[in-house]
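Quick notes on the structure that follows.
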Protein chains: 2
Amino acid sequence: MTHTAFAQRLIDAVGVDSVLTATDDIAPWLADWRGMYRGNAQAVVRPRTTEDVAKILALCQSTGTPVVPRGGNTGLCGGATPDASAQNVVLSLDRMNAVRSLDTIANTMVAEAGCILEDLQRAARDANRLLPLSLAAEGSCQLGGNLATNAGGVNVVRYGMTRELVLGVEAVLPNGEILHGLRTLRKDNTGYDLKQLLIGSEGTLGVITAAALRLHAPTPVRQVVIAAVGSPRQALALYELLFAECGPRMQAFEFFTGECVDLVIANVPGVRAPFADRHPGYVLIELADTANEAALAALLERVIETAIERDLCADAVVSSTLGQLEAMWKLREEISEAQRADGPHLKHDVSLPIEAIPDFMASAEARVRRVCPQVRPFIFGHFGDGNLHYNLSRPAGEAPDFMTKHGEAITAEVLDEVARHGGSISAEHGIGQLKRSYFAKYKSPLELRLMREIKAVFDPAGIMNPGKLL
Amino acid sequence: MTHTAFAQRLIDAVGVDSVLTATDDIAPWLADWRGMYRGNAQAVVRPRTTEDVAKILALCQSTGTPVVPRGGNTGLCGGATPDASAQNVVLSLDRMNAVRSLDTIANTMVAEAGCILEDLQRAARDANRLLPLSLAAEGSCQLGGNLATNAGGVNVVRYGMTRELVLGVEAVLPNGEILHGLRTLRKDNTGYDLKQLLIGSEGTLGVITAAALRLHAPTPVRQVVIAAVGSPRQALALYELLFAECGPRMQAFEFFTGECVDLVIANVPGVRAPFADRHPGYVLIELADTANEAALAALLERVIETAIERDLCADAVVSSTLGQLEAMWKLREEISEAQRADGPHLKHDVSLPIEAIPDFMASAEARVRRVCPQVRPFIFGHFGDGNLHYNLSRPAGEAPDFMTKHGEAITAEVLDEVARHGGSISAEHGIGQLKRSYFAKYKSPLELRLMREIKAVFDPAGIMNPGKLL
């Protein structure tokens, strides 16, 4: 027996097959998938039921044992990786992966925290419904992590963040009490909306074990257009027109600079430039509807005609086949891969008031260039919801470790400009360990105090995910 | 001088023209509009700025003076009426009624708490945008009250409750600190979402002074249909079809029983039955879109044909003119007035998981009839979001005060059935004074404890709206 006396108590509580303690067994649970963070733990527990989660947490609280909840380990901020303490218990929800119910009248799905997002999307689709939460990690991320981080993704412009898809949650508090909040109601004005605190709390208040989600109507009819723009400001004017004319059909409104397209064409085989001429910027717009492909195509054609007449874009190409549609998305989706192929670089996941994006882009670039004149910005993102991936690659000819040396100084400039424009230093990835110092810097003292006191209400012993967020 | 020494301190802080103390001056502020509740106060303050609100609250907290925030006084639960204490200060936001900004690129509006909802709807419309919050009291209710109660209304099935329209709030805490949270961001994952606590808190945590709201695309193209159904279960099957086929175009899905239509025809001049035959139930569906009336009409026609083929409704009539459309809505909207004309009655604003509505209607009626066999139910509501107005009128031939005597026993049966079906005892009106005992009965001890401890974080002196909600 190599495990601690406390691990034996966990085994006594939830069974030996739910507790890992051998060094080799727990090693895979101690690091994040990118290898940026590594920690320590005395045990990994993998409960099968909400009641088991309650037993584990009560035991941890009574002994002051820190607990690190863990979903699919796809986070980008180290939020699910334990710190260096050998006392940590990693609590994995992966075995709680049942869809408890799916209702096509109420349009709700009740699913457990360990469900993989792609499986839930499929379950909805099989019932002729849409679970619109969609992000790059959907093949391995888990619902519990999506809720704990209020995940965003590509459909936020239409359907909102994870928070907007949640009708109720079941959660366990650190003292082992179960919050039975799996309501499927659209309207329920009975006191403070406690689930809103748990959503986005990054495992610092308790453990979400299941959620009731809203489903939407499927939108099988799709149209995609790529438009060439002369500037971010022109892209905004185009957004304004599309929003008014197409309303809820607008499923995506993505922006990327000419430099991004150059980079993709140079680094990813088989991708072609969208137009004969090179343009300063590009916008990819997807419209989607429940039915009537001809009407959607006619609407898009009419709007693009108007846009060209009003000089809101220089040129545009509409997908007429599914192959063309996929090729257009590929151009956008390969930007990250192309930048990776180009070498180490600096990422910033920020959001801005949409109308401030052009000013921000100009002033942030000026500040960054004062620190590093030859840096190469590759800026793209979900323009329609104000979310920019403000990424920077090293100057041509510099060594690959350039950003390791200069990254912190550049990031300080970028995030300061974000704050100055009323933006957010973390649009969709959360805080975790990565952005904790910037979080403490840019939140007001009042907000920080309220958050700490709320934390103390839920977790008076301070055992939940120490070293993350607050 | 008739006012108290404390009132003099208020005058010193915010100016004599912002403080009312004479008995006649404050009398109109001491009762709710229906005359169900009446209280007392030493002063009414009407600040013009957020800074004045901060001064007032700091002064009240330092002296333990209770504060009752007040909007347009259109609430139905006594939430804005002071209790009997002569120490109360009523804080009216009515002078803070500026639209601080309106942006048609970001699709946001920043407005102060005292703005009347109808004025905000108009401001949005003038800018070719839609503020979809819409309810009967919109001509006099104020934004601050809408936020404090998380108001619902007729468009929830499409756009959600007030909460879903709020991007940020500015609020003053009881100690006078200002929470500067007027962010206009769609994506902002930086810690606990504090604004969610203030929304729906009924003035018990602090005072919301302004909010950043999301605007939607205007939907000038409308189609309305009334369908006859044989049962609530058939109405649900019809809802399921409409949801899948029409998706986000479904703006309203209202249900009312044949008894409701009989009552309207008997009591409201100029309203005609929708069909030659009388039916057990009726559904009113509104579709709305940004453009293309012909496509919307064709969609509705196709879906109704399918519904009749599949026996999901017995008959249907579609509006072909604006006059017909308005007449259809009148039939639905006059139910409350018809019931009022019929005499005193009992109202319940409840919500249910949508799929549970037919079972609830059957079992609630059985329980109600055990208490009072001859009671007359008039049931209608926003079926599409699970919200039922479960109203009951006295048996034929009984005296008008019948419900005063028997109402409490009947309400206990109705709300118990709501709770048994996983519903909410207050769908959109909140708790206030009216439903406080039922709130304490049906919320779990854990939820009540968390709410009380959160209240203590925001309002440690307990001055905010005493006797309401918690």
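Name the residue that is farthest from residue A:368 (Cα to Cα), counting only residues in region A:399-419 that are free of Cβ contacts under 8 Å to residues at least 12 places away in the same chain and of a type outside the set (A, V, I, L, M, F, W, C). Out of the qualifying residues, it is A:405. Return the only residue of B:321, B:306 being β-branched (Val, Ile, Thr), closer than 30 Å to residue A:295 by Cβ and at pLDDT below 95. Residue meeting the stated conditions: B:321.
Okay, residues lined up against (1) within 14 Å of another protein chain (Cβ to nearest Cβ); (2) of a type in the set (D, E, K, R); (3) in contact with a Ser or Thr (Cβ under 7 Å, 6 or more places away or on another chain):
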{"site": "B:245", "(1), (2), (3)": "yes, yes, yes"}
{"site": "B:248", "(1), (2), (3)": "yes, no, no"}
{"site": "B:271", "(1), (2), (3)": "no, no, no"}
{"site": "B:280", "(1), (2), (3)": "no, no, yes"}
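When B:435, B:405 are checked against the criterion of being out of contact with any Leu (no Cβ under 8 Å at 6 or more places or on another chain) and within 23 Å of residue A:184 (Cα to Cα), a single residue qualifies: B:435.
Only one of B:287, B:331, B:312 is more than 27 Å from residue B:129 (Cβ to Cβ) and within 14 Å of chain A (Cβ to nearest Cβ); which?
Unique residue meeting the criteria: B:312.
Filter region B:318-349 down to the residues that are of a type in the set (Val, Ile, Thr) and farther than 20 Å from residue B:263 by Cβ and list them by number.
Taking region B:318-349 as the starting set, the residues that turn out to be of a type in the set (Val, Ile, Thr) are B:318, B:321, B:335.
B:318, B:321, listed by residue number.
You will find that of A:136, A:127, the residue that is touching a strand residue (DSSP E or B) at 6+ places or on another chain (Cβ under 7 Å) and surrounded by fewer than 21 Cβ atoms within 10 Å (Cβ to Cβ) is A:127 and no other. Checked against (1) surrounded by fewer than 24 Cβ atoms within 10 Å (Cβ to Cβ); (2) within 26 Å of residue A:382 (Cβ to Cβ), residue A:194 passes all but condition (2).
Tell me yes or no: at least one residue of region A:436-458 is assigned to a strand (DSSP E or B) and either β-branched (Val, Ile, Thr) or within 12 Å of chain B (Cβ to nearest Cβ) (or both).
no
Against the condition touching a Pro at 6+ places or on another chain (Cβ under 8 Å), surrounded by fewer than 23 Cβ atoms within 10 Å (Cβ to Cβ) and modelled with pLDDT of 95 or more, how does residue A:290 come out, does it pass? When the stated conditions are applied, residue A:290 does not pass them. Could you tell me whether region A:249-271 includes any residue that is in a helix (DSSP H, G or I) and under 30 Å from residue A:126 (Cβ atoms)? Among the residues of region A:249-271, at least one is in a helix (DSSP H, G or I) and under 30 Å from residue A:126 (Cβ atoms), which makes the answer yes. Tell me which residues, restricted to region A:390-402, are in contact with a Phe, Trp or Tyr (Cβ under 6 Å, 6 or more places away or on another chain) and either assigned to a loop (DSSP other than H, G, I, E, B) or surrounded by fewer than 20 Cβ atoms within 10 Å (Cβ to Cβ) (or both). Listed by number, the list holds a single entry, A:394. Taking first residues from region B:304-320 that are of a type in the set (Ser, Thr, Tyr) and partners that are part of a strand (DSSP E or B), the Cβ contacts under 8 Å between residues at least 6 apart in sequence or on separate chains come to B:319/B:223; B:319/B:224; B:319/B:225.
Of all the criteria given as (1) within 14 Å of another protein chain (Cβ to nearest Cβ); (2) more than 21 Å from residue A:135 (Cα to Cα); (3) β-branched (Val, Ile, Thr); (4) surrounded by 15 or more Cβ atoms within 10 Å (Cβ to Cβ), the one not satisfied by residue A:350 is (2).
Looking at B:462, B:430, can you tell me which residue is assigned to a loop (DSSP other than H, G, I, E, B) and either surrounded by fewer than 16 Cβ atoms within 10 Å (Cβ to Cβ) or more than 7 Å from every other protein chain (Cβ to nearest Cβ) (or both)?
After ruling out the rest, the residue left standing is B:462.
Tell me which residues, restricted to region A:412-427, are part of a helix (DSSP H, G or I) and either more than 18 Å from residue A:392 (Cα to Cα) or facing another protein chain (nearest Cβ under 10 Å) (or both). Within region A:412-427, A:419, A:420 meet the criteria.
Where strands (runs of 3 or more DSSP E) fall entirely within region B:1-116, those with at least 2 residues that are out of contact with any His (no Cβ under 6 Å at 6 or more places or on another chain) and more than 30 Å from residue B:131 (Cα to Cα) are at B:43-45. When the residues of region B:76-108 are filtered to those that are within 14 Å of chain A (Cβ to nearest Cβ) and within 28 Å of residue B:29 (Cβ to Cβ), the one that is surrounded by the fewest Cβ atoms within 10 Å (Cβ to Cβ) is B:100. Summed over region B:22-40, the residues that are more than 10 Å from residue B:81 (Cα to Cα) and touching a strand residue (DSSP E or B) at 6+ places or on another chain (Cβ under 6 Å) give a count of 1. In the set (1) of a type in the set (Asp, Glu); (2) surrounded by fewer than 24 Cβ atoms within 10 Å (Cβ to Cβ); (3) under 14 Å from the mean Cα position of the chain (by Cα), residue A:177 fails one condition alone, (3). One residue stands out among those in region B:139-170 that are in contact with a Leu (Cβ under 8 Å, 6 or more places away or on another chain) and of a type in the set (Val, Ile, Thr): the one that is surrounded by the most Cβ atoms within 10 Å (Cβ to Cβ), which is B:162. Applying a threshold of 8 Å to beta carbon distances and a minimum spacing of six or more residues, or different chains, the list of pairs starting in region B:350-361 at a residue that is farther than 13 Å from residue A:186 by Cβ and ending at one that is of a type in the set (Asp, Glu) reads B:360/B:417. Remark: pairs (first residue in region A:215-229, over 22 Å from residue A:132 (Cα atoms); second residue of a type in the set (Asp, Glu); Cβ separation under 8 Å; 6+ apart in sequence or on different chains) = A:227/A:315; A:228/A:277; A:228/A:315.
The values are calculated or read from the model by the stated rules, or taken from the named source; none is laboratory data. Note that the structure is predicted; figures quoted are calculated from it, not measured. A quick note on method: Cβ atoms are made from the backbone with ideal geometry, for glycine too, and the neighbour counts reach across all protein chains shown.
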